[in-house]
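Inspection log for the structure reproduced underneath, given as structure tokens.
The values are calculated or read from the model by the stated rules, or taken from the named source; none is laboratory data. These figures come from a predicted structure and were not determined experimentally. Here the Cβ is made from the backbone with ideal geometry for all residues, glycine too, and neighbour counts use every protein chain on show.
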């Protein structure tokens with residue numbers, strides 16, 4: 001039975017994208033002149049789930065392609081191309097759904113605007129970073145793994 005904590009060789013871990021959303025949420029608060037408060041943190045927690053979901057879709061597709069026998073680079077490129085539209089549409093529809101709350105100026109909405117900014121702006125920037133950096137990080141992991149295996153491979157000494 002495979003170890004659920006340690007991925008199989010050639011499989012990548014899906015949670016690499018969580019910090020990307022945090023960057024987007026902080027930038028969104030800076031752009032709109034809002035302070036980070038408790039509701040902002042609630043939004044960041046929800047945002048982490050959305051961004052990790054996009055990362056999971058991308059890396060899972062990469063792992064499926066690897067299981068089919070594709071080389072790492074081909075699998076990563078195919079995953080980025082094949083999952084770009086679904087991941088982007090999820091991010092854009094999430095932003096468009098929360099955007100009316102971001103631009104709302106009523107007294108009642110002021111409490112929820114930081115939460116909406118965390119999710120809305122964070123999902124746009126986090127997805128952009130996810131689609132740019134996750135394939136690059138996946139390829140770096142593959143390179144490091146290949147070098148590690150080559151270094152630790154048992155060498156066969158010639159016999160005389």
Problem set entry | Checklist (1) at pLDDT 95 or above; (2) not in a helix (DSSP H, G or I) applied to residue 105, failing item | (1)
Exercise. Quick check, is residue 75 under 22 Å from the mean Cα position of the chain (by Cα), without any contact (Cβ under 8 Å) to a residue 40 or more places away in the chain, crowded, with 19+ Cβ neighbours inside 10 Å and in a helix (DSSP H, G or I)?
Worked result: yes
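Which of the residues that make up region 28-45 are part of a helix (DSSP H, G or I) and surrounded by fewer than 16 Cβ atoms within 10 Å (Cβ to Cβ)?
Those that are part of a helix (DSSP H, G or I) and surrounded by fewer than 16 Cβ atoms within 10 Å (Cβ to Cβ): 30, 31, 32, 38, 41, 42, 45.
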